[in-house]
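Report on one structure; see the data block that follows.
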Amino acid sequence: IEAAGLLVETDDHVHSVGHCYRCHTVIEPWLSDQWFVDMKPLAEPAIKAVEDGRVVFHPRRWENVYYHWMHNIRDWCISRQLWWGHRIPVFYCDACGEMTASEVDVTVCPSCGAAQIRQDEDVLDTWFSSQLWPFATLGWPEQTPEVAYYYPTSVLSTARDILFLWVARMVMSGMYFMDGEIPFKDVIIHPTVFNAEGKRMSKSLGTGVDPLDLMEHYGADGMRFGLMLQVTGVQDLRFSEEKLVSSRNFANKIWNASRFVLMNLDGYEPGEVEPATVADRWILSRLADLSARVDEGLDCYEFGEVSRRLYDFFWSEYCDWYIELAKGRLQSGDAQQRLAVQRVLVFVLDQALRLLHPMMPFVTEEIWRRLPLDQPTSTLMAAAWPDSSALSAFADEGAERSVTRLIEIVTGVRGVRARYQLPPKQLVDLHVKTAGDSETNWLETEFAQMSRLAGVGSFSAATDMAKPQHAATVIASGMEVY
Ligand SMILES: [Zn+2]
Ligand SMILES: [Zn+2]
(Lines give C-alpha, C1' and ligand atoms only; values in the text may rest on other atoms or scores of the structure.)
(Ligands and ions follow the chains in the order given, each with its own letter.)
Protein backbone atom coordinates (compact mmCIF):
# COMPACT_ATOMS: atom_id res chain seq x y z
CA ILE A 1 0.00 0.00 0.00
CA GLU A 2 2.83 2.30 0.95
CA ALA A 3 4.71 1.58 -2.29
CA ALA A 4 1.62 2.43 -4.30
CA GLY A 5 1.32 5.71 -2.42
CA LEU A 6 -2.08 4.79 -1.04
CA LEU A 7 -1.21 4.81 2.69
CA VAL A 8 -2.99 7.59 4.56
CA GLU A 9 -1.74 7.11 8.10
CA THR A 10 0.01 4.64 10.45
CA ASP A 11 -1.26 4.56 14.02
CA ASP A 12 -1.18 2.22 17.09
CA HIS A 13 -4.47 0.78 18.25
CA VAL A 14 -5.21 -1.04 21.50
CA HIS A 15 -7.53 -3.99 20.89
CA SER A 16 -8.18 -7.39 22.40
CA VAL A 17 -6.39 -10.37 20.93
CA GLY A 18 -7.50 -13.91 21.59
CA HIS A 19 -5.02 -16.19 23.39
CA CYS A 20 -4.93 -19.93 23.76
CA TYR A 21 -6.43 -20.82 27.16
CA ARG A 22 -3.77 -23.45 27.73
CA CYS A 23 -0.47 -22.10 26.44
CA HIS A 24 -1.44 -18.41 26.08
CA THR A 25 -0.17 -18.19 22.48
CA VAL A 26 -1.82 -15.49 20.35
CA ILE A 27 -4.60 -17.02 18.29
CA GLU A 28 -5.06 -16.31 14.60
CA PRO A 29 -8.60 -16.66 13.20
CA TRP A 30 -8.73 -19.43 10.63
CA LEU A 31 -11.87 -20.23 8.65
CA SER A 32 -12.57 -23.94 8.31
CA ASP A 33 -15.45 -26.37 7.80
CA GLN A 34 -16.83 -27.85 11.01
CA TRP A 35 -19.69 -30.10 12.09
CA PHE A 36 -22.55 -28.59 14.07
CA VAL A 37 -25.53 -30.02 15.93
CA ASP A 38 -28.89 -28.29 15.55
CA MET A 39 -29.71 -27.83 19.25
CA LYS A 40 -33.16 -26.20 19.31
CA PRO A 41 -35.16 -29.41 18.78
CA LEU A 42 -33.07 -31.13 21.48
CA ALA A 43 -33.46 -28.27 23.95
CA GLU A 44 -37.26 -28.10 23.82
CA PRO A 45 -38.06 -31.40 25.60
CA ALA A 46 -35.18 -30.78 28.03
CA ILE A 47 -36.70 -27.42 29.01
CA LYS A 48 -40.07 -29.10 29.56
CA ALA A 49 -38.51 -31.78 31.79
CA VAL A 50 -37.36 -29.10 34.23
CA GLU A 51 -40.53 -27.02 33.91
CA ASP A 52 -42.74 -29.93 34.90
CA GLY A 53 -40.43 -31.02 37.73
CA ARG A 54 -39.15 -34.29 36.32
CA VAL A 55 -35.65 -32.88 36.80
CA VAL A 56 -35.15 -30.73 39.92
CA PHE A 57 -32.15 -28.51 40.65
CA HIS A 58 -30.85 -27.94 44.20
CA PRO A 59 -30.72 -25.06 44.92
CA ARG A 60 -33.71 -24.22 42.74
CA ARG A 61 -32.29 -20.91 41.52
CA TRP A 62 -30.01 -22.78 39.11
CA GLU A 63 -33.08 -23.65 37.10
CA ASN A 64 -33.22 -20.04 35.90
CA VAL A 65 -29.64 -20.25 34.70
CA TYR A 66 -30.53 -23.47 32.92
CA TYR A 67 -33.58 -21.91 31.25
CA HIS A 68 -31.61 -18.88 30.18
CA TRP A 69 -29.07 -21.02 28.38
CA MET A 70 -31.58 -23.40 26.90
CA HIS A 71 -33.89 -20.69 25.56
CA ASN A 72 -30.92 -18.95 23.92
CA ILE A 73 -29.26 -22.10 22.71
CA ARG A 74 -27.12 -22.00 19.55
CA ASP A 75 -25.92 -24.66 17.19
CA TRP A 76 -23.08 -26.63 18.76
CA CYS A 77 -19.77 -27.05 16.97
CA ILE A 78 -18.81 -30.64 17.75
CA SER A 79 -15.76 -31.29 15.56
CA ARG A 80 -12.26 -30.95 16.99
CA GLN A 81 -8.88 -31.20 15.33
CA LEU A 82 -7.31 -33.43 17.96
CA TRP A 83 -5.93 -36.95 18.05
CA TRP A 84 -7.89 -38.30 20.99
CA GLY A 85 -11.63 -38.72 21.03
CA HIS A 86 -14.52 -40.41 19.28
CA ARG A 87 -13.98 -40.00 15.56
CA ILE A 88 -16.67 -38.20 13.55
CA PRO A 89 -18.67 -40.98 11.82
CA VAL A 90 -18.73 -39.36 8.37
CA PHE A 91 -17.21 -41.02 5.29
CA TYR A 92 -16.12 -39.33 2.06
CA CYS A 93 -15.84 -40.89 -1.39
CA ASP A 94 -12.79 -39.55 -3.22
CA ALA A 95 -14.17 -40.79 -6.55
CA CYS A 96 -17.52 -38.99 -6.66
CA GLY A 97 -17.45 -36.71 -3.61
CA GLU A 98 -20.35 -38.50 -1.84
CA MET A 99 -20.55 -37.89 1.91
CA THR A 100 -22.13 -40.56 4.15
CA ALA A 101 -22.86 -40.43 7.89
CA SER A 102 -23.10 -43.95 9.25
CA GLU A 103 -23.06 -45.88 12.53
CA VAL A 104 -21.15 -48.72 10.85
CA ASP A 105 -17.93 -48.11 8.92
CA VAL A 106 -18.48 -47.43 5.21
CA THR A 107 -16.07 -49.28 2.88
CA VAL A 108 -17.85 -48.95 -0.45
CA CYS A 109 -19.40 -45.73 -1.74
CA PRO A 110 -23.21 -46.14 -1.69
CA SER A 111 -23.45 -43.77 -4.66
CA CYS A 112 -20.74 -44.86 -7.15
CA GLY A 113 -19.50 -48.14 -5.65
CA ALA A 114 -15.89 -46.92 -5.41
CA ALA A 115 -13.72 -48.19 -2.57
CA GLN A 116 -11.67 -45.01 -2.08
CA ILE A 117 -13.43 -44.15 1.16
CA ARG A 118 -11.93 -41.96 3.84
CA GLN A 119 -13.36 -41.25 7.32
CA ASP A 120 -13.41 -37.67 8.59
CA GLU A 121 -10.23 -37.16 10.62
CA ASP A 122 -11.78 -34.87 13.22
CA VAL A 123 -12.98 -36.12 16.57
CA LEU A 124 -16.01 -35.15 18.64
CA ASP A 125 -15.86 -32.40 21.26
CA THR A 126 -15.11 -34.06 24.59
CA TRP A 127 -18.47 -32.85 25.97
CA PHE A 128 -20.22 -34.61 23.13
CA SER A 129 -18.86 -37.88 24.49
CA SER A 130 -19.40 -36.85 28.12
CA GLN A 131 -23.08 -36.16 27.54
CA LEU A 132 -23.54 -39.89 26.88
CA TRP A 133 -22.23 -40.75 30.33
CA PRO A 134 -25.52 -41.64 32.12
CA PHE A 135 -26.23 -44.48 29.67
CA ALA A 136 -22.97 -45.15 27.78
CA THR A 137 -21.37 -46.25 31.08
CA LEU A 138 -24.15 -48.84 31.44
CA GLY A 139 -23.40 -50.57 28.15
CA TRP A 140 -25.56 -48.52 25.76
CA PRO A 141 -26.21 -48.88 22.81
CA GLU A 142 -26.67 -52.53 23.81
CA GLN A 143 -29.86 -53.19 25.80
CA THR A 144 -27.97 -54.38 28.88
CA PRO A 145 -29.56 -55.33 32.24
CA GLU A 146 -27.60 -52.40 33.71
CA VAL A 147 -29.30 -49.89 31.42
CA ALA A 148 -32.67 -51.36 32.31
CA TYR A 149 -31.94 -51.29 36.05
CA TYR A 150 -30.03 -48.04 36.54
CA TYR A 151 -31.47 -45.71 33.92
CA PRO A 152 -32.84 -43.16 34.77
CA THR A 153 -30.40 -42.58 37.62
CA SER A 154 -31.32 -40.58 40.72
CA VAL A 155 -28.85 -37.87 41.75
CA LEU A 156 -26.19 -35.95 39.86
CA SER A 157 -23.79 -33.86 41.93
CA THR A 158 -21.57 -31.32 40.23
CA ALA A 159 -20.11 -27.82 40.20
CA ARG A 160 -21.87 -24.87 38.64
CA ASP A 161 -19.21 -24.26 35.95
CA ILE A 162 -20.33 -27.28 33.97
CA LEU A 163 -24.06 -26.82 34.35
CA PHE A 164 -24.41 -26.16 30.65
CA LEU A 165 -21.31 -27.92 29.28
CA TRP A 166 -22.29 -31.19 30.90
CA VAL A 167 -25.56 -31.26 32.87
CA ALA A 168 -27.85 -29.65 30.29
CA ARG A 169 -26.33 -31.74 27.52
CA MET A 170 -26.82 -34.96 29.46
CA VAL A 171 -30.50 -34.08 29.84
CA MET A 172 -30.80 -33.38 26.11
CA SER A 173 -28.90 -36.42 24.89
CA GLY A 174 -30.50 -38.69 27.50
CA MET A 175 -33.96 -37.73 26.35
CA TYR A 176 -32.95 -38.03 22.70
CA PHE A 177 -31.33 -41.45 22.90
CA MET A 178 -33.42 -43.03 25.67
CA ASP A 179 -36.95 -42.54 24.34
CA GLY A 180 -37.57 -39.24 26.08
CA GLU A 181 -36.54 -40.60 29.49
CA ILE A 182 -34.58 -38.14 31.68
CA PRO A 183 -31.07 -39.20 32.83
CA PHE A 184 -31.48 -38.18 36.52
CA LYS A 185 -34.12 -36.71 38.81
CA ASP A 186 -32.11 -34.44 41.09
CA VAL A 187 -29.17 -32.21 40.27
CA ILE A 188 -27.16 -30.89 43.22
CA ILE A 189 -25.05 -27.88 42.39
CA HIS A 190 -22.61 -27.88 45.29
CA PRO A 191 -20.66 -24.88 46.59
CA THR A 192 -17.20 -24.18 45.23
CA VAL A 193 -14.31 -24.58 47.66
CA PHE A 194 -11.74 -21.79 47.42
CA ASN A 195 -8.40 -21.83 49.18
CA ALA A 196 -7.80 -19.93 52.43
CA GLU A 197 -6.90 -16.78 50.45
CA GLY A 198 -10.17 -16.98 48.51
CA LYS A 199 -8.44 -18.09 45.30
CA ARG A 200 -9.68 -20.81 43.03
CA MET A 201 -7.97 -24.10 43.71
CA SER A 202 -5.98 -25.00 40.64
CA LYS A 203 -3.33 -27.62 40.06
CA SER A 204 -1.54 -25.56 37.41
CA LEU A 205 -1.48 -22.42 39.60
CA GLY A 206 -0.43 -24.43 42.65
CA THR A 207 -3.26 -22.91 44.70
CA GLY A 208 -4.86 -26.23 45.60
CA VAL A 209 -4.45 -28.64 48.49
CA ASP A 210 -3.33 -32.24 48.16
CA PRO A 211 -6.01 -34.55 49.56
CA LEU A 212 -3.47 -37.34 50.15
CA ASP A 213 -1.45 -34.95 52.25
CA LEU A 214 -4.50 -33.93 54.27
CA MET A 215 -5.49 -37.56 54.79
CA GLU A 216 -2.00 -38.26 56.07
CA HIS A 217 -2.55 -35.62 58.78
CA TYR A 218 -6.23 -35.89 59.58
CA GLY A 219 -7.29 -39.30 58.31
CA ALA A 220 -9.69 -39.91 55.44
CA ASP A 221 -12.65 -39.50 57.83
CA GLY A 222 -11.24 -36.29 59.25
CA MET A 223 -10.79 -34.78 55.81
CA ARG A 224 -14.19 -35.84 54.54
CA PHE A 225 -16.10 -34.75 57.63
CA GLY A 226 -14.05 -31.57 58.00
CA LEU A 227 -14.99 -30.53 54.48
CA MET A 228 -18.66 -31.13 55.14
CA LEU A 229 -18.58 -29.21 58.42
CA GLN A 230 -17.52 -26.16 56.39
CA VAL A 231 -20.52 -26.15 54.13
CA THR A 232 -23.14 -23.57 55.04
CA GLY A 233 -26.13 -23.84 52.76
CA VAL A 234 -25.23 -22.94 49.21
CA GLN A 235 -22.48 -20.42 49.98
CA ASP A 236 -19.08 -20.91 48.41
CA LEU A 237 -16.48 -21.49 51.05
CA ARG A 238 -12.88 -20.82 51.88
CA PHE A 239 -11.12 -24.00 52.79
CA SER A 240 -10.17 -24.08 56.47
CA GLU A 241 -7.71 -26.64 57.73
CA GLU A 242 -8.86 -25.94 61.30
CA LYS A 243 -12.13 -27.73 60.63
CA LEU A 244 -10.10 -30.78 59.67
CA VAL A 245 -8.32 -30.57 63.02
CA SER A 246 -11.63 -30.54 64.87
CA SER A 247 -12.88 -33.42 62.74
CA ARG A 248 -9.83 -35.50 63.56
CA ASN A 249 -10.40 -34.71 67.24
CA PHE A 250 -14.03 -35.65 66.77
CA ALA A 251 -13.03 -39.06 65.39
CA ASN A 252 -10.74 -39.54 68.40
CA LYS A 253 -13.51 -38.50 70.78
CA ILE A 254 -15.93 -41.06 69.32
CA TRP A 255 -13.21 -43.70 69.39
CA ASN A 256 -12.38 -43.08 73.04
CA ALA A 257 -16.01 -42.89 74.13
CA SER A 258 -16.75 -46.13 72.30
CA ARG A 259 -13.78 -47.82 73.94
CA PHE A 260 -15.10 -46.69 77.30
CA VAL A 261 -18.49 -48.21 76.53
CA LEU A 262 -16.91 -51.46 75.29
CA MET A 263 -14.78 -51.75 78.42
CA ASN A 264 -17.86 -51.45 80.60
CA LEU A 265 -19.94 -54.23 79.14
CA ASP A 266 -19.26 -57.05 81.62
CA GLY A 267 -22.43 -59.06 82.00
CA TYR A 268 -24.00 -57.47 78.92
CA GLU A 269 -26.62 -59.39 76.99
CA PRO A 270 -28.38 -58.04 73.90
CA GLY A 271 -32.04 -57.27 74.46
CA GLU A 272 -34.83 -54.71 74.26
CA VAL A 273 -33.79 -51.26 75.33
CA GLU A 274 -35.88 -50.14 78.31
CA PRO A 275 -35.23 -46.62 79.55
CA ALA A 276 -35.00 -46.73 83.34
CA THR A 277 -34.08 -43.15 84.22
CA VAL A 278 -34.78 -39.66 82.99
CA ALA A 279 -31.26 -39.61 81.49
CA ASP A 280 -32.08 -42.75 79.48
CA ARG A 281 -35.31 -41.22 78.26
CA TRP A 282 -33.45 -38.02 77.43
CA ILE A 283 -30.71 -39.58 75.28
CA LEU A 284 -33.25 -41.75 73.45
CA SER A 285 -35.37 -38.68 72.81
CA ARG A 286 -32.31 -36.82 71.51
CA LEU A 287 -31.50 -39.80 69.28
CA ALA A 288 -35.05 -39.72 67.88
CA ASP A 289 -34.62 -36.03 67.13
CA LEU A 290 -31.20 -36.58 65.55
CA SER A 291 -32.49 -39.34 63.32
CA ALA A 292 -35.38 -37.18 62.08
CA ARG A 293 -33.08 -34.20 61.45
CA VAL A 294 -30.50 -36.26 59.61
CA ASP A 295 -33.21 -37.72 57.37
CA GLU A 296 -34.62 -34.27 56.70
CA GLY A 297 -31.20 -32.81 55.99
CA LEU A 298 -30.15 -35.60 53.65
CA ASP A 299 -33.46 -35.38 51.79
CA CYS A 300 -32.67 -31.79 50.83
CA TYR A 301 -28.90 -32.30 50.51
CA GLU A 302 -28.00 -30.11 53.52
CA PHE A 303 -24.79 -31.98 54.24
CA GLY A 304 -23.27 -29.18 56.33
CA GLU A 305 -26.29 -29.02 58.62
CA VAL A 306 -26.37 -32.81 58.96
CA SER A 307 -22.69 -33.00 59.86
CA ARG A 308 -23.04 -30.29 62.53
CA ARG A 309 -26.01 -32.09 64.10
CA LEU A 310 -24.09 -35.35 64.23
CA TYR A 311 -21.08 -33.58 65.68
CA ASP A 312 -23.10 -31.95 68.47
CA PHE A 313 -24.96 -35.13 69.28
CA PHE A 314 -21.88 -37.32 69.61
CA TRP A 315 -19.59 -34.80 71.18
CA SER A 316 -21.86 -33.11 73.64
CA GLU A 317 -24.98 -35.15 74.23
CA TYR A 318 -23.65 -38.69 74.03
CA CYS A 319 -20.01 -38.40 75.11
CA ASP A 320 -19.97 -35.39 77.46
CA TRP A 321 -23.35 -35.87 79.11
CA TYR A 322 -24.96 -39.23 78.69
CA ILE A 323 -21.83 -41.27 79.39
CA GLU A 324 -21.19 -39.10 82.45
CA LEU A 325 -24.77 -39.51 83.63
CA ALA A 326 -24.52 -43.27 83.04
CA LYS A 327 -21.33 -43.81 85.03
CA GLY A 328 -23.08 -44.10 88.40
CA ARG A 329 -25.22 -47.01 87.25
CA LEU A 330 -22.39 -48.61 85.24
CA GLN A 331 -20.34 -48.82 88.41
CA SER A 332 -23.23 -49.95 90.59
CA GLY A 333 -23.36 -53.47 92.03
CA ASP A 334 -26.94 -53.93 90.83
CA ALA A 335 -26.68 -56.20 87.76
CA GLN A 336 -30.13 -55.26 86.49
CA GLN A 337 -29.43 -51.53 86.66
CA ARG A 338 -26.12 -52.06 84.94
CA LEU A 339 -27.67 -54.12 82.14
CA ALA A 340 -30.36 -51.48 81.56
CA VAL A 341 -27.84 -48.67 81.13
CA GLN A 342 -25.50 -50.85 79.04
CA ARG A 343 -28.35 -51.56 76.65
CA VAL A 344 -29.13 -47.87 76.23
CA LEU A 345 -25.45 -47.06 75.72
CA VAL A 346 -25.04 -49.77 73.07
CA PHE A 347 -28.35 -49.08 71.34
CA VAL A 348 -27.76 -45.33 71.03
CA LEU A 349 -24.16 -45.82 69.91
CA ASP A 350 -25.24 -48.38 67.31
CA GLN A 351 -27.96 -46.13 65.86
CA ALA A 352 -25.85 -42.98 65.93
CA LEU A 353 -22.93 -44.75 64.22
CA ARG A 354 -25.28 -45.74 61.41
CA LEU A 355 -26.34 -42.12 61.00
CA LEU A 356 -22.73 -40.94 60.96
CA HIS A 357 -21.49 -43.72 58.69
CA PRO A 358 -22.01 -42.01 55.30
CA MET A 359 -19.89 -39.08 56.48
CA MET A 360 -17.24 -40.93 58.52
CA PRO A 361 -17.22 -44.41 57.03
CA PHE A 362 -13.97 -45.77 58.44
CA VAL A 363 -14.03 -45.05 62.15
CA THR A 364 -17.74 -45.87 62.41
CA GLU A 365 -17.26 -49.21 60.66
CA GLU A 366 -14.31 -50.08 62.88
CA ILE A 367 -16.24 -49.35 66.09
CA TRP A 368 -19.50 -50.87 64.94
CA ARG A 369 -17.89 -54.25 64.23
CA ARG A 370 -16.73 -54.39 67.83
CA LEU A 371 -20.17 -53.77 69.29
CA PRO A 372 -21.91 -56.85 70.72
CA LEU A 373 -24.88 -56.62 68.38
CA ASP A 374 -27.36 -59.21 67.27
CA GLN A 375 -27.39 -58.23 63.60
CA PRO A 376 -27.98 -59.99 60.31
CA THR A 377 -24.87 -58.38 58.84
CA SER A 378 -21.30 -58.08 60.01
CA THR A 379 -20.66 -54.78 58.24
CA LEU A 380 -22.11 -51.39 59.08
CA MET A 381 -22.09 -50.57 55.38
CA ALA A 382 -24.88 -53.11 54.87
CA ALA A 383 -26.74 -52.47 58.14
CA ALA A 384 -30.25 -51.01 58.01
CA TRP A 385 -30.63 -47.23 58.14
CA PRO A 386 -32.23 -46.08 61.42
CA ASP A 387 -36.00 -45.88 61.19
CA SER A 388 -36.79 -42.35 62.31
CA SER A 389 -40.52 -42.95 62.57
CA ALA A 390 -39.99 -45.96 64.86
CA LEU A 391 -37.46 -43.97 66.91
CA SER A 392 -39.93 -41.10 67.26
CA ALA A 393 -41.71 -43.24 69.88
CA PHE A 394 -38.82 -42.24 72.18
CA ALA A 395 -39.56 -38.51 71.87
CA ASP A 396 -39.95 -37.23 75.43
CA GLU A 397 -40.30 -33.51 76.08
CA GLY A 398 -40.40 -33.92 79.84
CA ALA A 399 -37.08 -35.76 79.90
CA GLU A 400 -35.55 -33.18 77.58
CA ARG A 401 -36.63 -30.33 79.85
CA SER A 402 -35.35 -32.12 82.91
CA VAL A 403 -31.89 -32.96 81.57
CA THR A 404 -31.53 -29.54 79.94
CA ARG A 405 -32.08 -28.00 83.37
CA LEU A 406 -29.65 -30.42 84.98
CA ILE A 407 -27.03 -29.51 82.37
CA GLU A 408 -27.64 -25.81 83.01
CA ILE A 409 -27.15 -26.21 86.75
CA VAL A 410 -24.09 -28.48 86.48
CA THR A 411 -22.46 -26.23 83.86
CA GLY A 412 -23.28 -23.14 85.94
CA VAL A 413 -21.91 -24.59 89.18
CA ARG A 414 -18.78 -25.85 87.42
CA GLY A 415 -18.29 -22.34 86.05
CA VAL A 416 -18.57 -20.85 89.54
CA ARG A 417 -16.15 -23.44 90.93
CA ALA A 418 -13.64 -22.60 88.22
CA ARG A 419 -14.06 -18.85 88.72
CA TYR A 420 -13.34 -19.09 92.46
CA GLN A 421 -10.79 -21.88 92.00
CA LEU A 422 -12.48 -24.25 94.42
CA PRO A 423 -10.51 -27.47 94.95
CA PRO A 424 -12.36 -30.56 93.60
CA LYS A 425 -12.85 -31.99 97.09
CA GLN A 426 -14.63 -28.91 98.41
CA LEU A 427 -18.39 -29.34 98.16
CA VAL A 428 -20.75 -26.44 97.49
CA ASP A 429 -24.20 -25.94 99.00
CA LEU A 430 -27.04 -24.76 96.80
CA HIS A 431 -29.86 -22.44 97.84
CA VAL A 432 -32.54 -22.67 95.19
CA LYS A 433 -35.42 -20.31 94.56
CA THR A 434 -38.07 -22.46 92.89
CA ALA A 435 -41.56 -21.97 91.50
CA GLY A 436 -43.05 -24.71 93.67
CA ASP A 437 -43.07 -28.31 94.89
CA SER A 438 -42.53 -29.97 91.54
CA GLU A 439 -39.15 -28.27 91.26
CA THR A 440 -38.21 -29.22 94.80
CA ASN A 441 -39.08 -32.83 94.00
CA TRP A 442 -37.02 -32.59 90.85
CA LEU A 443 -34.02 -31.33 92.83
CA GLU A 444 -34.34 -34.29 95.18
CA THR A 445 -34.41 -36.73 92.27
CA GLU A 446 -31.43 -35.19 90.51
CA PHE A 447 -29.39 -34.42 93.60
CA ALA A 448 -27.17 -37.50 93.24
CA GLN A 449 -26.19 -36.50 89.68
CA MET A 450 -25.51 -32.88 90.68
CA SER A 451 -23.45 -34.08 93.54
CA ARG A 452 -21.38 -36.40 91.34
CA LEU A 453 -21.01 -34.05 88.37
CA ALA A 454 -20.59 -30.68 90.09
CA GLY A 455 -19.48 -31.42 93.67
CA VAL A 456 -22.74 -30.33 95.26
CA GLY A 457 -22.87 -31.12 99.00
CA SER A 458 -26.44 -30.18 99.84
CA PHE A 459 -29.35 -28.09 98.70
CA SER A 460 -32.25 -26.22 100.21
CA ALA A 461 -35.19 -24.99 98.18
CA ALA A 462 -38.06 -22.54 98.70
CA THR A 463 -40.27 -20.33 96.58
CA ASP A 464 -39.11 -17.28 98.55
CA MET A 465 -35.44 -18.24 98.90
CA ALA A 466 -33.33 -15.12 99.35
CA LYS A 467 -29.88 -14.89 97.88
CA PRO A 468 -27.36 -15.46 100.70
CA GLN A 469 -24.55 -12.92 101.09
CA HIS A 470 -21.44 -13.58 98.99
CA ALA A 471 -23.21 -16.22 96.94
CA ALA A 472 -22.83 -16.63 93.18
CA THR A 473 -25.95 -17.00 91.03
CA VAL A 474 -26.75 -19.57 88.37
CA ILE A 475 -29.93 -19.23 86.32
CA ALA A 476 -31.51 -22.48 85.17
CA SER A 477 -34.92 -22.98 83.53
CA GLY A 478 -37.47 -21.87 86.13
CA MET A 479 -34.97 -21.61 88.99
CA GLU A 480 -32.43 -19.33 90.53
CA VAL A 481 -29.58 -21.19 92.15
CA TYR A 482 -27.32 -19.48 94.73
ZN1 LIG B 1 -2.15 -23.41 23.02
ZN1 LIG C 1 -18.60 -42.33 -4.65
With all protein chains modelled, accessible area of Asp437 [1.4 Å, Å²]: 120
Computed accessible area, Thr440, all protein chains, 1.4 angstrom probe, square angstrom: 30
Where Ser102, Ser291 fall by accessible area, highest first, once all protein chains stay in place (1.4 Å): Ser102, Ser291
FRET E, pair Lys199, Arg22, Förster distance 25 Å, beta-carbon r, rounded to 0.05: 0.80
Spin-label zone in segment 182-200 - amide nitrogen under 15 Å from a point set 7 Å from the Cα of Thr137 along the C-beta vector: 183-188
With every protein chain in place, segment 182-327: carbon and sulfur % of accessible area (1.4 Å): 49
Estimated inter-spin distance, Asn256 and Thr158, nm [label 7 Å along Cα→Cβ]: 4.5
Tilt relative to the chain, helix 62-71 - C-alpha long axis, 0 to 90 degrees, to 10: 10
Inter-site label distance for Ala4 and His217 at 7 Å from Cα along Cβ, in nm: 6.8
Cα long-axis angle, helix 397-419 against the chain (0 to 90 degrees, to the nearest 10): 80
Computed FRET value (nearest 0.05) for Gln235 with Asp437, which takes r as the C-beta separation and R₀ as 51 Å: 0.50
In degrees, nearest ten, helix 278-299 long axis to first principal axis of the chain (Cα): 10
Label zone at Ala448, where the point sits 7 Å out along the Cα-to-Cβ direction: segment 319-335 residues whose backbone N lies under 18 Å: 322-335
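Give me the 1.4 Å probe accessible area per residue for the chain, excluding ligands and nucleic acids, in Å².
Accessible surface, normalised per residue, equals 58 Å².
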Within straight-line cross-link reach of Lys243, lysines at Cα separation under 30 Å, skipping those fewer than 8 residues along the same chain: Lys199, Lys203, Lys253
15 Å Cα-Cα reach of Lys185 towards aspartates and glutamates, excluding residues that sit fewer than 8 places from it in its own chain: Glu51, Asp52, Glu63, Asp299
All aspartates and glutamates inside 18 Å of Lys467 as judged from Cα atoms, apart from same-chain residues fewer than 8 positions distant: Asp429, Glu439, Glu480
Stretch gain in nm, segment Arg419-Met381, where the contour uses 0.36 nm per residue and the Cα spacing is subtracted: 9.0 nm
Rounded to the nearest 10 Å², the accessible area of Phe194 at probe 1.4 Å: 40
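The values are calculated or read from the model by the stated rules, or taken from the named source; none is laboratory data. Given the structure is predicted, the values throughout are model-derived calculations rather than measurements. Note that each Cβ is placed from the backbone with ideal geometry, even for glycine, and that neighbours are counted across all protein chains shown. These area figures cover heavy atoms from the full protein model, side chains too; ligands, DNA and RNA do not enter into them. Shrake-Rupley method; radii C 1.70, N 1.55, O 1.52, S 1.80 Å.
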